[in-house]
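Engineer: Sending over a structure as structure tokens; questions will come in a sec.
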Amino acid sequence: MTPTTRNINIAPLFVDAFFSRETRPIFFSYMRTVIKDFFWLQFSVKFGFKKIQIIDADHPLDAQVPFTPERVGTYLDFVAFWIRPLGYIGKKFGKEKQLEYTRSFLRYVDRCYRDAAEVYRFRMTTTKRPKYYKGRFLMIHLFDPHYLCVPSLHVIIVVLAYTFYRRAFAELGIEGEELEALNREMYEGAVAITETVLYIKQHSVNCIPAALYAMTRIFPEEVTPTEATRFIASLFARAQDIPAAEVVRIQEHIENLYEILFLEGCHDSSWITPLQRWLMKYPLQSFTD
């Protein structure tokens, strides 16, 4: 049987994180960060408690990716996506190892939210969403004011997940076909979820390179420029609903913006400075690619 994390029930993992003495402090720290730097940050601007400029981050290439609402399930899987491997680790290596990697991942994901919020507090970003409120889209529209597009936290978290667990599986001594199958599942899942941010119109092609650049600075040992380039080349590579020439243009735009941010960031004292410059210039830029 091919190894997989897909059949893992995530409910007990939430219970473990909530009640375990080893993980509870970092779990609550993470939840506070999500409330403060995702929900409250957006709603405080939406309801006028804070004033932060909101920039339209749309790009003409976004129109080449058709609105595909049936992909919403994949989009919403991003939390379960990073939790399920913890259950796999627990079943194979025991509760102690599960809790060890839970603590480690929660520290990383907490940092991702806090670091991204530094950008959001400088400028918020949005994109044009279809007025589509059926099924789970109603929940998305109600709970996400849609002001935190650049960088995409969705993309940050799934890239963190597949690279974090790639390292974790190797550290745990998983080898051969099992290792290959697990890494392939995580990588392909991250690619699929990243594609959905465009398919369901929650993000722009501009949001993906910003997220990959952020991960290069947050998790540099794993998300190298070479790894980011490999990931970009996988995006929409199997798409049947986007012309091949447009897939190439989308990939080139994402790679070019990633390279600009990365190279500029090598010369800045703060990693977010290139993103700040890009955000200040973006409304004035003409679309030439």
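The values are calculated or read from the model by the stated rules, or taken from the named source; none is laboratory data. These figures come from a predicted structure and were not determined experimentally. Here the Cβ positions follow ideal geometry from the backbone for every residue, glycine too, while neighbour counts run over all protein chains shown. Please note that ligands, DNA and RNA were not included when accessible areas were found on the heavy atoms of the full protein model with its side chains. Shrake-Rupley method; radii C 1.70, N 1.55, O 1.52, S 1.80 Å.
Engineer: If contacts are Cα pairs under 8 angstrom and at least 6 residues apart, what is the relative contact order of the chain in percent?
Structural biologist: Rounded, it is 25 percent for the chain.
Engineer: Quick one: if you stick a label point 7 Å off each Cα along the C-beta vector at Met31 and Leu263, how many nm between them?
Structural biologist: My value for the distance between the label points is 4.6 nm.
Engineer: Separate question: Of the accessible area of region 1-151, with the probe set at 1.4 angstrom, what percent is carbon plus sulfur?
Structural biologist: Details: 4700 of 8020 Å².
Exposed carbon and sulfur together represent 59 percent of the surface.
Engineer: Next up: Taking the Cα atoms only, what angle lies between the long axis of helix 24-34 and the longest principal axis of the chain, rounded to 10 degrees?
Structural biologist: Once rounded, the angle reads 10 degrees.
Engineer: How far, in degrees from 0 to 90, does helix 95-122 lean away from the longest principal axis of the Cα atoms of the chain, to the nearest 10?
Structural biologist: Roughly 10 degrees between the two axes.
Engineer: Give a quick list of chymotrypsin sites (Phe, Trp or Tyr not before Pro) in region 56-101 that DSSP marks as loop, anything other than H, G, I, E or B, with at most 14 other Cβ atoms within 10 Å.
Structural biologist: Counting only loop positions with at most 14 other Cβ atoms within 10 Å, the chymotrypsin sites (Phe, Trp or Tyr not before Pro) in region 56-101 are Phe67.
Engineer: Next question. Checking the a/c ratio against 1.5 first, then a/b against b/c, what shape does the Cα gyration tensor give for region 115-186?
Structural biologist: Note, shape of region 115-186 comes out oblate.
Engineer: Under 1.5 on a/c is rounded, so check that first for region 94-138, then, if it is not, pick prolate when a/b is larger than b/c and oblate when it is not; a ≥ b ≥ c are the square roots of the alpha carbon gyration tensor eigenvalues.
Structural biologist: Oblate shape, in that a/c is at least 1.5 and b/c is the bigger or equal ratio.
Engineer: Another one. What length, rounded to one decimal in nm, is gained on full extension from Ala170 through to His141, with 0.36 nm per residue of separation minus their alpha-carbon distance? Walk me through the intermediate numbers first.
Structural biologist: Values: separation 29, 0.36 × 29 = 10.44 nm, distance 3.92 nm.
Extra length from Ala170 to His141 when fully extended: 6.5 nm.
Engineer: Right, next: In deg cm²/dmol, rounded to 500, what helix-only [θ] at 222 nm does the chain give when every DSSP H run of at least 4 residues adds -39500 (n - 2.57) and the total is split over its residues? Before the final figure, lay out each step's value.
Structural biologist: Numbers: 13 runs with 178 residues, N = 289.
After summing the helix terms and dividing by the residues of the chain, the value is -20000 deg cm²/dmol.
Engineer: In addition: Could you tell me whether region 13-114 comes out rounded, prolate or oblate from its Cα gyration tensor? Rule is a ≥ b ≥ c as square roots of the eigenvalues, rounded for a/c under 1.5, then prolate if a/b exceeds b/c, otherwise oblate. Don't skip to the end; give the middle numbers.
Structural biologist: Details: a/c = 3.09, a/b = 1.51, b/c = 2.04.
Here region 13-114 falls in the oblate category.
Engineer: Which pairs, out of Lys36/Lys97; Lys36/Lys91; Lys46/Lys201; Lys36/Lys95; Lys50/Lys281; Lys51/Lys128, put more than 26 Å between their alpha-carbon atoms?
Structural biologist: Over 26 Å apart, Cα to Cα: Lys36/Lys97; Lys36/Lys91; Lys36/Lys95.
Engineer: Would you mind getting the accessible area per residue of region 55-176, heavy atoms of the protein chains only, 1.4 Å probe, in Å²?
Structural biologist: About 41 Å² of surface per residue is accessible.
Engineer: Separate question: Taking the chain as a Gaussian network, where each spring joins two C-alpha atoms under 10 Å apart, which residue of Asp62, Asp110, Asp268 fluctuates the most?
Structural biologist: Asp268
Engineer: Based on C-alpha coordinates, I'd like the Rg and Dmax of the chain, in Å.
Structural biologist: Cα radius of gyration and Dmax of the chain are 18.7, 55 Å respectively.
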